[in-house]
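Structure first, commentary second.
Coordinate-derived values only; no laboratory data. It should be emphasised that the depicted structure is a prediction, and the values quoted were computed from it without experimental measurement. Here Cβ is always computed from backbone atoms with ideal geometry, including for glycine, and neighbour counts include all displayed protein chains.
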Amino acid sequence: MTDVDLLGRPLASVEQQVLELYEKTKALAARDDLPPCLARNLGRVLACLWQVTNDLDLQFEQTYDLGV
Amino acid sequence: MITACSDIPYWNPKNETMPRAALRALQLAKLGRLCEWAAARSPFHRRRFAAARFTPAQLRTLDDIRRIPIMTREEWMESQAEAPPYGDLLAASPTNAIRYHITSGSSGRTPIRVLDSTRDWEWGAEMWGYALWATGIRPTDVVYFAFGYGSFIGFWGAHYGCEKIGALVIPGGAQSTANRVRQIVETGATTVLTTPTYALRLAQEAAELGVDLARQSRVDKLIVSGEPGGSIASVKRRLEAAWGARCLDVAGMTEIGTVVMYECAERPGGMHVIEDNVLEETLHPETGEPVGYEERAERVVTSFGRGFIPLIRYRTRDMVVKVPHTRCTCGRNTDIYAGGILGRWDDMKLVRGTNVYQRSVEQIVREYDAIDEFQIRLWRKDDLRDEITVRVEVKAEREPEWEGLRESLAAALGAAHEGLRFDVEAVPRGSLPRFELKAKRLVDERGATAPRGSDREEP
C-alpha cells in the first residue's frame with residue numbers, strides 16, 4: 001500500500017487509516033463466496049470509501065470490475 | 001462527533017484550499033488515468049483516440065489535453081442510434097448500473113441516456129455535497145425539494161447530497177403547487193431547491209393562497225438550478241423579495257451526472273467550478289483556441305467522476321466568462337464563471353441583424369414587478385420582415401399601469417438591443433405556459449428560410 005497521495009505527498013495518519021479501510025473493503029468485495037447481504041452492502045461501503053479516498057487524493061481508480 | 005464539522009466552511013478543505021499549482025497537478029494525474037481507462041475500455045474513445053493519433057502517454061502537461069479531439073453531443077447521439085440504447089461509449093457492462101436517467105429533451109432532440117453505478121451515484125451526491133455545503137446547508141437544515149422526481153436527473157443528486165450532509169430531506173414530488181406551498185410552511189423547511197421559474201411560480205401561488213412566504217415560512221435559502229435565472233440579478237432580487245431568503249445558483253449537466261459549479265455563500269457574482277473533480281476548458285466557440293480570463297467562451301468539460309461513461313473534452317455549447325478564484329473572498333482555490341451560465345452559443349437568435357438571447361430579455365422583463373409571466377415570440381411579417389413580440393401577463397391589481405409599463409418595457413428592451421424595436425403586448429392571465437423545469441419562453445415561428453432581403457443567415 002502506498003504511503004503518499006496522488007501528488008506524492010506523505011499521508012497523514014487519518015489518511016493512512018482510511019486507505020487501509022478502502023483496500024481491505026476492496027479485497028472483501030472481490031470475493032465470490034459472499035451472501036447477498038454482505039456482497040451488496042460491502043459494495044455500498046466500498047463506494048463510500050472510494051469517494052473519501054478520492055476526496056483526499058489517495059487513489060483514482062475504477063471499481064466497475066467489482067460491480068461497484 | 002458527526003455534527004462537529006458544521007463550523008468548517010469547506011466540504012473538502014484539503015482540495016478546496018490547496019495551491020492552484022497542486023490543483024493543476026491533481027487534474028493532470030486524474031486526466032492521465034481517466035484517458036488510460038477510456039482507451040482500454042470504451043470503444044467510442046478508443047476509436048477517436050486512434051483517429052487523432054493520441055495516446056494517454058502523451059499527456060505530460062495539461063496543455064497536452066488539446067491533443068484529444070473534442071467530443072460532441074451529436075457524436076454521442078450517433079453512437080446511441082447505431083448501437084441502442086447506450087451506444088459504444090460505455091466503459092463497463094450495463095449490469096453494473098443502478099440508475100438510468102436522461103437529459104431533459106428541452107431542445108426537442110433525442111435525449112441522451114446515461115447510467116450510473118453505485119460508485120458513480122455516490123460521486124454525484126458528493127458533488128452536491130461540495131456545492132450545497134458552500135451555499136450554507138448544514139445538518140440542522142430542513143430541505144424541501146419542489147421537484148417531480150422523474151427520469152430527468154434534475155435534483156435527484158441534490159436529494160442524496162442533502163442526505164449525505166445530514167439535513168432532513170422532504171421530497172415534494174407529484175403534487176400540486178398549492179400543496180407544495182402548504183408543505184413548505186407546515187414542515188418548517190429552511191431551504192427550498194427548485195428551478196428559478198418554479199420558485200417564482202410557488203411565490204405566485206402562495207400569494208394567491210394568502211400565504212406570505214417571507215413572513216410565514218422559515219425558508220432562508222433558496223437554491224435554484226436548471227436555468228440561468230438564478231444568476232440573473234433581477235430574477236434573484238424578485239425571488240429574494242418574495243421568499244425573504246437568500247437565492248443561490250448551482251449548475252450541472254445530465255451528461256456529467258451531477259452539479260459541477262455553485263455560488264458560495266460569499267456570492268462573488270458567479271459560480272465556483274469543482275475543479276478537483278472536473279477540468280473545465282474555456283475555448284473560442286469557432287476556432288477552438290483557448291480563451292483567457294474575462295472573455296466570453298464556450299465551456300468544454302472533462303469529468304473525473306462517472307467512469308461508466310467517460311466524458312472527455314465534451315463540448316457543452318454553454319457561454320461563460322471565467323474569472324480567477326481571487327475574485328471571491330471565501331478562500332476556495334477554484335475559478336469562477338462570472339454571472340453563471342450566460343446562455344448557449346446555439347441559442348442566439350438573429351432579429352434584423354441584432355443578437356437576441358432569452359436570458360437578456362428575461363433580465364429586463366424581471367425588473368418589472370407587475371409582470372407575472374412572459375414569452376418571446378419571433379415571427380415574420382408578410383414573409384419579409386422579422387419581428388419580435390414580448391407577450392406579458394400583468395398582475396390583476398397592476399393592470400391600471402399597463403400603458404405606461406408597455407412603453408417603458410419596450411424602450412428598455414430596445415435600448416439593450418441596439419435599438420431593435422420590440423412589440424410588447426398583454427395577454428390574458430394564465431394563458432402563457434408555466435414550467436417546472438427548463439422553462440422555454442422563446443418561440444421562433446419564422447421557419448427555416450431566411451427573410452427576403454436578409455443579408456445574414458440565422459445561426
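Which pairs break 28 Å Cα to Cα here: B:LYS236/B:LYS395; A:LYS24/B:LYS164; A:LYS26/B:LYS221?
The answer is A:LYS26/B:LYS221.
I'd like the antiparallel share, as a percent to the nearest 5, of DSSP beta bridges with both residues in chain B.
The antiparallel fraction comes to roughly 65 percent.
Looking only at the stretch B:149-172, which residues have a backbone nitrogen under 19 Å from a spot 7 Å from the Cα of B:ARG218 in the C-beta direction?
B:162-172
Nearest 500 deg cm²/dmol is fine: what mean residue ellipticity at 222 nm does chain B get from its DSSP H runs of n ≥ 4 alone, each adding -39,500 (n - 2.57), divided by its residue count?
Value at 222 nm, helices only, nearest 500: -9000 deg cm²/dmol.
Applying 1/(1 + (r/R0)^6) with R0 = 30 Å to the Cβ-Cβ distance of A:LEU7 and B:ILE8, what FRET efficiency is obtained, to the nearest 0.05?
Computed FRET efficiency for A:LEU7 and B:ILE8: 0.85.
Determine, from the Cβ-Cβ distance of B:ILE102 and B:GLU36 and an R0 of 30 Å, the FRET efficiency 1/(1 + (r/R0)^6), rounded to the nearest 0.05.
Calculated transfer efficiency: 0.55.
Between rounded, prolate and oblate, where does the stretch B:348-444 land on the alpha carbon gyration tensor, with a ≥ b ≥ c its root eigenvalues, rounded for a/c under 1.5, else prolate if a/b exceeds b/c?
The shape class here is prolate.
Counting residues in the stretch A:13-66 as N, plug N into 2.2 N^0.38 Å and put the Cα Rg over that result.
Dividing the Cα Rg of the stretch A:13-66 by 2.2 N^0.38 Å gives 1.11.
Would you give the gap between the C-alpha center of the stretch B:140-189 and the C-alpha center of the stretch B:22-84, rounded to a whole Å?
36 Å
What distance in nm lies between label points placed 7 Å from Cα along the C-beta direction at B:THR55 and B:ARG73?
With each label placed 7 Å out from Cα toward Cβ, I get 3.6 nm.
Find which of B:ALA4, B:ALA57, B:PRO19 sits farthest along the positive direction of the dipole of the protein assembly as shown, computed with +1 on the beta-carbon of Lys and Arg, -1 on that of Asp and Glu, about the Cα centre.
Farthest towards the positive end: B:ALA57.
Could you compute the FRET efficiency for B:ARG352 and B:ALA22, with r as their C-beta to C-beta distance and R0 at 56 Å, rounded to 0.05?
0.65
Give the separation of the Cα centroids, the stretch B:215-240 to the stretch B:252-296, in Å.
About 21 Å separates the Cα centre of the stretch B:215-240 from the one of the stretch B:252-296.
Please report the net charge: other residues with Cβ closer than 15 Å to the Cβ of A:LEU34, K and R +1, D and E -1.
+3
Place a +1 charge on the Cβ of each Lys and Arg in the protein assembly as shown and a -1 charge on the Cβ of each Asp and Glu, then give the dipole magnitude about the Cα centre in debye, rounded to the nearest 20.
I would put it at about 420 debye.
Return the calculated 222 nm mean residue ellipticity for chain A, to the nearest 500 deg cm²/dmol, obtained by summing -39500 (n - 2.57) across DSSP H runs with n ≥ 4 and dividing by the residue count.
-18500 deg cm²/dmol
Taking the Cα centre of chain B as the origin, how large is its charge dipole in debye, to the nearest 20, when only Lys and Arg (+1) and Asp and Glu (-1) carry charge on their Cβ atoms?
1000 debye
If each residue's Cβ is checked for other Cβ atoms within 10 Å, how do B:SER234, B:SER217 rank with the fewest at the top?
B:SER234, B:SER217
How large is the Rg to Rh ratio of the protein assembly as shown when both quantities use alpha carbon positions and Rh follows Kirkwood?
Checking Rg against Rh, the ratio lands at 0.98.
For B:LYS349, give me every one of the lysines with a C-alpha distance below 24 angstrom, ignoring sequence neighbours fewer than eight places off in its own chain.
Excluding near neighbours in sequence, the set is B:LYS322, B:LYS381, B:LYS438, B:LYS440.
Give me the one-decimal nm value for the distance between modelled label points at B:ALA233 and B:THR140, 7 Å along each residue's Cα-to-Cβ direction.
About 3.4 nm separates the two model spin labels.
Decide, for chain B, between rounded, prolate and oblate: order the square roots of the alpha carbon gyration tensor eigenvalues as a ≥ b ≥ c, take rounded if a/c falls under 1.5, and otherwise choose prolate if a/b is larger than b/c, else oblate.
Since a/c reaches 1.5 but b/c is at least a/b, the shape of chain B is classed as oblate.
Provide the net charge surrounding B:GLY230, with neighbours chosen by a C-beta distance below 10 Å and charges set as Lys +1, Arg +1, Asp -1, Glu -1.
In short, -2.
Counting other beta carbons within 10 Å of each Cβ, put B:ARG429, B:ARG60, B:ARG180, B:ARG73 in order, fewest first.
Going from sparsest to densest Cβ surroundings: B:ARG60, B:ARG429, B:ARG73, B:ARG180.
Counting other C-beta atoms within 10 Å, which of B:MET319, B:MET348 has the fewest, and how do the rest follow?
Lowest count first: B:MET348, B:MET319.
State, as an integer percentage, the relative contact order of chain B based on alpha-carbon contacts under 8 Å between residues 6 or more apart.
Answer for chain B is 13 percent.
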